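Chemist: For reference, the structure I am asking about is given below.
The values are calculated or read from the model by the stated rules, or taken from the named source; none is laboratory data. Nothing here was measured: the structure is a model prediction, and the numbers come from that model. Every residue, glycine among them, receives a Cβ derived from its backbone with ideal geometry; neighbour counts consider all protein chains shown.
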Amino acid sequence: MRIESTEAGVPVPSVKPAHKDDPQKAVEAAQQFESLLIGQMLKQMRSSGSEGWMGTGDDQAGESAMELAEEQLAHSLSAQGGLGLAKLIADGLNAAPRHKAKAGRSPKL
């Protein structure tokens, strides 16, 4: 990474753009997003009850164990297809560059 200075004298790092879009990176990012979403849903379900959703009390060790279990469950669900959001997101991200190349302009939302 090179550091260039602007007219105001403020250094600005220059970053090289990626050479090619990598479809696998889009799939991984979509799975991570879906995993975070599932994790937040599980956390919200647990916090909405007066007692833990697995019968745990309010002790810190139980709270930490439940957070870890929710995180692992969310990751596992997402890796196995989860809610199907990761596939939809990855397909959309991977189709966007091809659509731009065919149409020569950005798609309307």
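Chemist: Pull out all pairs, ordered by first then second residue, where Cβ-Cβ is under 8 Å, the residues are six or more apart or on different chains, the first lies in the range 64-76 and is within 12 Å of residue 42 (Cβ to Cβ), and the second is basic (Lys, Arg) and in a helix (DSSP H, G or I).
Modeler: 66/46; 67/43; 70/43; 70/46
Chemist: Only one of 68, 88 is within 23 Å of residue 26 (Cβ to Cβ), exposed (fewer than 14 other Cβ atoms within 10 Å of the Cβ), modelled with pLDDT of 85 or more and of a type in the set (A, V, I, L, M); which?
Modeler: 88
Chemist: Got a number for residues in the range 5-41 being modelled with pLDDT of 60 or more and either among the basic types (Lys, Arg) or touching a strand residue (DSSP E or B) at 6+ places or on another chain (Cβ under 7 Å) (or both)?
Modeler: 3
Chemist: Quick one: how many residues across the range 42-64 are part of a helix (DSSP H, G or I) and either surrounded by fewer than 14 Cβ atoms within 10 Å (Cβ to Cβ) or at pLDDT below 85 (or both)?
Modeler: The qualifying residues number 10.
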